[in-house]
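Asker: Handing you a structure now.
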Amino acid sequence: MEITALQKKHIELFGNSNPLTVRSPGRINLIGEHTDYNDGFVFPAAIDKAIWFTASKNDKGLFRFFSMDYSQSFEMKANDLSISNVAWANYLLGVANQFKKKGYQLSGVDVVFGGDIPIGAGLSSSAAVETGFAMVLNNLFGFGEPNMEMVKMAQKAEHEYAGVMCGIMDQFAIVFGKKQQAIKLDCRTLDYEYANLNLTGYQIILVDTKVKHSLTSSAYNQRRQECETGVKILKNYNPDISALRDVEMALLREHKNEMEETVYRRCKYVIEENNRVTEAFEALHQGNIRWLGELMMETHTGLRNDFEVSCEELDVLFDFAKDFYGVIGSRMMGGGFGGCTVNIVAQSETERFASEITKHYKQTTGNKPSVYKVTIEDGTGVVD
Ligand code: GLA
């Protein structure tokens, strides 16, 4: 359905009836929030919501893009690639620029793209666009870059063209996602392991606050700096420390008085969260979903009180979900300051949960949330 609409638009705009088609999904993260840029562990998975691309070469030396979501066209010379004032186009240009920096020659490309990942919901629609477009260029021009390289290029595009100093989790999860599997990634070594996400009797439900507070990217970059400040101080006591990943809680406590209280709390959260990812992986291996759920609840509390990236709307959802019969895990997900909570809900209670949390959120905030049941699907790839 999605693909047909895109292909139709592609013919209408560019006259090419046989474009390359690529699907690039959104992601959830079970646990391991704000750990990726601290060289820690994360536990994400790709989902059934996705962005699709149709793409073909043109001989005009132009990048011609059409965004279905914004119903807007964009055009630039293929050898230009400067940051534009059209925000959505920068995600594509940033990726193209990474290929250019590697010495690849890019000629004209026509692209139509769009999908059903809600924008600003913390499901990484921007990373899906970046990795999807990397896949488009890699296939269209036969560059032969390996998947992990495309992940890194997409991440760099976000740093350089969107100004968000993100970690590697989103781009990685989106490319390496596998049906019904969550992935435990070591963000330092990039070693990863799949774990069967067998939630027998439970369902993952996202509840979208529908808000995205404006401080999102500046606060994100600030958190990153606060973590680095902590590392700098602790490095004085152990030169082997290069990221919070290397810090034991005992060492942090010992030097608590040498850092600002805020920096202490940021570091404390990250160390605890890293440990939780390891436990969560173990919990899933044992089929102990309740344990996973408890860890998720602890994560929310840490993100709210110590890392301070939650917001009123997310807390309204969390506070309601945590006491709701049938909910065994709930927390805010992603960078913070809006977006979704991720909830693990007993299959038998999903409808009741969806309607009750909608009612409660509306009464409390005046806004209507969106509720999504998600399934775990494959990562970015060419669609035949
Ligand atoms: C955003 C970033 C990720 C990660 C999360 C928080 O999604 O893009 O790299 O840091 O926030 O876990």
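The values are calculated or read from the model by the stated rules, or taken from the named source; none is laboratory data. Computed from a predicted model, the values in this text were never measured in an experiment. For neighbour counting, all protein chains shown are included, and Cβ atoms are generated from backbone atoms with ideal geometry for every residue, glycine included. The protein model used for the area step is the full one, side chains on, heavy atoms only, and it has no ligands, DNA or RNA in it. Shrake-Rupley method; radii C 1.70, N 1.55, O 1.52, S 1.80 Å.
Asker: Plugging the Kirkwood radius over Cα pairs into Stokes-Einstein for the stretch 69-173, at a temperature of 20 °C and a viscosity of 1.002 mPa s, what D comes out in µm²/s?
Answerer: In µm²/s, the coefficient is 154.
Asker: Separation between the ASN305 and THR189 pseudo-spin-labels, each 7 Å from Cα along Cα→Cβ, expressed in nm?
Answerer: Roughly 3.4 nm, to one decimal.
Asker: Something else: In what order, largest first, do SER218, SER24 sit by accessible area if the probe radius is 1.4 Å?
Answerer: SER218, SER24
Asker: In nm, to one decimal, how far is the ALA5 label point from the GLU75 one, both placed 7 Å along Cα→Cβ?
Answerer: Roughly 2.5 nm, to one decimal.
Asker: Which of TYR237, TYR194, TYR91 moves most in a GNM of the chain, Cα contacts under 10 Å?
Answerer: Comparing TYR237, TYR194, TYR91 in a Gaussian network model of the chain, the most mobile one is TYR237.
Asker: When the Karplus curve 6.51 cos²θ - 1.76 cosθ + 1.60 is applied with θ = phi - 60°, which whole-Hz ³J(HN,Hα) does each residue of the stretch 326-336 get, with x for Gly and Pro?
Answerer: So the J values, rounded to whole Hz, are x, 8, 10, x, 7, 5, 5, 10, x, x, x.
Asker: Percent of accessible area on the chain owned by carbon and sulfur, 1.4 Å probe?
Answerer: Heavy-atom surface of the chain belonging to carbon and sulfur, 1.4 Å probe: 45 percent.
Asker: Quick one: order LYS268, LYS373 from most to least accessible surface, probe 1.4 Å.
Answerer: LYS373, LYS268
Asker: Another question, if that's okay. Helix 350-365 against the longest principal axis of the chain: what's the angle in degrees, Cα atoms only, rounded to the nearest 10?
Answerer: Taking the Cα atoms of the chain, the angle to 350-365 is about 80 degrees.
Asker: If R₀ is 35 angstrom, what is the calculated FRET efficiency for the pair HIS255 and MET148, using the beta carbon separation as r and rounding to 0.05?
Answerer: Values: r = 36 Å, r/R0 = 1.02.
In this case the efficiency is close to 0.45.
Asker: Please give the FRET efficiency for HIS285 paired with GLU12, using the beta carbon to beta carbon distance and R0 = 56 Å, rounded to the nearest 0.05.
Answerer: Calculated transfer efficiency: 0.65.
Asker: Greater than 26 Å separation of Cα atoms is the criterion. Which listed pairs, LYS60/LYS100; LYS232/LYS268; LYS322/LYS359; LYS9/LYS152, meet it?
Answerer: LYS9/LYS152
Asker: How tilted is helix 87-101 with respect to the longest principal axis of the chain? Cα atoms for both, answer in degrees (0 to 90, nearest 10).
Answerer: 80 degrees
Asker: Project the alpha carbons of the chain onto their principal axes and report the range along each, largest first, in whole Å.
Answerer: Principal extents (Cα only, largest first): 63, 53, 39 Å.
Asker: Turning to a different aspect of this structure: About the Cα centre of the stretch 131-231, how large is the charge dipole given +1 on each Lys and Arg Cβ and -1 on each Asp and Glu Cβ? Please answer in debye to the nearest 20.
Answerer: Computed about the Cα centre, the dipole is about 260 debye.
Asker: Also, quick follow-up: Using the charge dipole of the chain (Lys, Arg: +1 at Cβ; Asp, Glu: -1 at Cβ; taken about the Cα centre), state which of ALA280, GLY335, ILE51 has its Cα farthest towards the positive end.
Answerer: So the residue furthest toward the plus end is ILE51.
Asker: Related question: Among PHE74, SER17, GLY32, whose Cα sits farthest toward the positive end of the charge dipole of the stretch 3-197 (+1 at Cβ of Lys/Arg, -1 at Cβ of Asp/Glu, about the Cα centre)?
Answerer: SER17
Asker: Measure out, as a whole number of angstrom, how far apart the alpha-carbon centroids of the stretch 324-341 and the stretch 259-280 sit.
Answerer: 19 Å
Asker: Please report the antiparallel percentage of DSSP beta bridges with both residues in the chain, rounded to the nearest 5.
Answerer: 90 percent
Asker: Determine the calculated [θ] at 222 nm for the chain from helices alone, applying -39500 (n - 2.57) to every DSSP H run no shorter than 4 residues and normalising by the residue count; nearest 500 deg cm²/dmol.
Answerer: That comes out to -13500 deg cm²/dmol.
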